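Structure, as structure tokens:
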Amino acid sequence: MTATGPIEPVDAGTAVVRPPLRRLHVKTWGCQMNVYDSERMTELLAPLGYAPIDAPENADMVLLNTCHIRERATEKVFSDLGRLRDMKTARAAEGLPTIIAVAGCVAQAEGAEIAARAPWVDMVVGPQSYHRLPEMVARAHRAAGLQINTDFPAETKFDLMPQARGAQGAVAFLTVQEGCDKFCSFCVVPYTRGAEVSRPVSAVVAEAERLVAVGAREIALLGQNVNAYHGQGPDGAVWGLARLLARLAEVPGLARLRYMTSHPRDMDDALIAAHRDLPALMPFLHLPVQSGSDRVLRAMNRGHTADDFRRIVDKVKAARPDIALSSDFIVGHPGESEADFRATMKLVDETGFAIAYSFTYSERPGTPAAAQPGQVPPAERAARLQELQALLRRQQDAFNASCVGRVCDVLVTGTARYPGQIAARSPWLQPVHLSGPASLIGQMVRVRVMGAEPNSLAAEIMGNSQTGEQQAA
Ligand code: SF4
């Protein structure tokens, strides 16, 4: 988003005293939850006069919202901080102050290192303390020195973050749960995001209604373990994700629901039944399995076996035969033998994924896997990843090809690259390109899929849809 027009004090000289407008540049790494948090932090800083701009140059404040999942991502944060030091110095020579803030999981996990390696950073704020950002910025304006806030406070940030959501597109994200109690050996989330916390049902429904009021037709519920959702219902009982989805499906104007990311341990029968019973719940499930070897799954502390995953997949396919399955894989976890890797390949082969994300194991300081013996040599990890990705690629191509000829409803999300073309999203989460007027943006349109590309579908319009349901050909 780019601020338009000159950035000047507003209402100067009138009875209404508003803060001067300042430029805010936010750079976001990592998952959809970070994208959501960046939007909320931008909204949180608006009352202090901060308007977002696209580039860091000329920004009065730069906020890096970081991800700690990949080691190289952390190094990229430090290299950005190096460039920002030069910018801050140049602006200071012109008498212009610049606030540099680091948020997200790198901030939470490596606050002390940031302070040591990048002393020009003004504030380090962990994901559970974003609601304290305005106070920290106000203090930074008073030059109170480096501020670090990486506590897990007693109050939840959900209660204290702003409720207003600005103009949205047809697709919106809504965080319903945060944190993780699972402690997988390779993951820093339990250390950076804290224990599992769920928002009350009434707060989620109210936010969904606001999102629909500003144009959302599809909402994706977000959470590090979204299917561990256990929010307080209006009846005082604890509601699971299935019940929450059923309630949200009643929100007028909301055509589609999705949720991510799920854990196999929390995939209960009620949630599987929701895929059968709720037409608004799209036939797509992202369910990370990480490995097909029970030995590796134990070493990862995943709390489920490969057969547990197979049983869930069988039930989900029975409930929703056209479901598109997605997953995450880590190749080369410490101790992974050739036989373990073959077990992963077998699981992938049997399951059939519409899309999947695969990585080599990356050592994260401070997580148990980093200290485990049997580290797999990097060349071996890379070779296994290549083999796995080739299989996943073939499965993705096959899934996309299987969509050709299907009649389904797509949600038009925007214009596409070529004149007269619009972009949409299929029930199975593929981008769809079709010819049509921009006036269809935000509408459900019935199409026939005419072609498949590696990462998208081409379709022809058959007519507008009011149902939001898709039909098999
Ligand atoms: S379930 Fe495991 S991988 Fe997922 S956030 Fe929790 S610790 Fe990380």
Any hit, segment 101-109, residues being closer than 24 Å to R193 by Cβ and β-branched (V, I, T): yes
Residues satisfying the stated conditions in segment 85-137, i.e. small (G, A, S) and free of Cβ contacts under 8 Å to residues at least 60 places away in the same chain: A90, A92, A93, G95, A101, A107, G111, A112, A115, A116, A118, S129
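Residue-wise test of (1) within 15 Å of the ligand (Cβ to nearest atom); (2) under 25 Å from Q386 (Cα atoms); (3) over 23 Å from the mean Cα position of the chain (by Cα).
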| residue | (1), (2), (3) |
| --- | --- |
| M300 | yes, yes, no |
| D308 | yes, no, yes |
| K315 | no, no, yes |
| R320 | no, no, yes |
| I330 | yes, yes, no |
| H333 | yes, yes, yes |
Yes/no for G335 being closer than 30 Å to Q375 by Cα and surrounded by fewer than 21 Cβ atoms within 10 Å (Cβ to Cβ): yes
Number of positions in segment 71-114 that are loosely packed, with under 14 Cβ neighbours inside 10 Å and either over 19 Å from A59 (Cα atoms) or aromatic (F, W, Y) (or both): 4
Any pair with Cβ under 6 angstrom, 6 or more apart, that starts in segment 300-316 at a residue that is among the basic types (K, R) and ends at one that is away from the ligand (no atom under 16 Å from the Cβ) and not in a loop (DSSP other than H, G, I, E, B): K315/I272
Members of segment 217-240 that are of a type in the set (A, V, I, L, M, F, W, C), under 17 Å from the mean Cα position of the chain (by Cα) and away from the ligand (no atom under 16 Å from the Cβ): I219, A220
Subset of segment 403-428 [outside any strand (DSSP E or B) and modelled with pLDDT of 95 or more]: C403, V404, G405, R406, S426, P427, W428
Residue that is buried (at least 20 other Cβ atoms within 10 Å of the Cβ) and either touching a residue at least 12 places away in the same chain (Cβ under 8 Å) or not in a helix (DSSP H, G or I) (or both), where the choices are D340, D322: D340
Residue identified as under 17 Å from the mean Cα position of the chain (by Cα) and not in a helix (DSSP H, G or I) among C180, C184: C180
Candidate set: segment 255-312, residues that are of a type in the set (G, A, S) and closer than 30 Å to E336 by Cα; chosen: the one surrounded by the fewest Cβ atoms within 10 Å (Cβ to Cβ): G303
Complete set of residues in segment 151-177 that are within 16 Å of the ligand (Cβ to nearest atom), at pLDDT 85 or above and in a loop (DSSP other than H, G, I, E, B): V176
Residue match in segment 214-229 (condition: more than 28 Å from C105 (Cα to Cα), in contact with a helix residue (DSSP H, G or I) (Cβ under 9 Å, 6 or more places away or on another chain) and buried (at least 21 other Cβ atoms within 10 Å of the Cβ)): yes
Residues satisfying the stated conditions in segment 178-198, i.e. more than 10 Å from the ligand (Cβ to nearest atom) and either free of Cβ contacts under 8 Å to residues at least 60 places away in the same chain or in the same structural domain as Q128 (by TED's automatic domain parsing) (or both): A195, V197, S198
Within segment 35-130, strands (runs of 3 or more DSSP E) holding 1 or more residues that are modelled with pLDDT of 90 or more and among the small types (G, A, S): 99-103
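The values are calculated or read from the model by the stated rules, or taken from the named source; none is laboratory data. Values in this document were obtained by computation on a predicted structure and should not be read as measured data. Don't worry about glycine lacking a Cβ; one is built from the backbone with ideal geometry, like all the others, and counts go over all protein chains shown.
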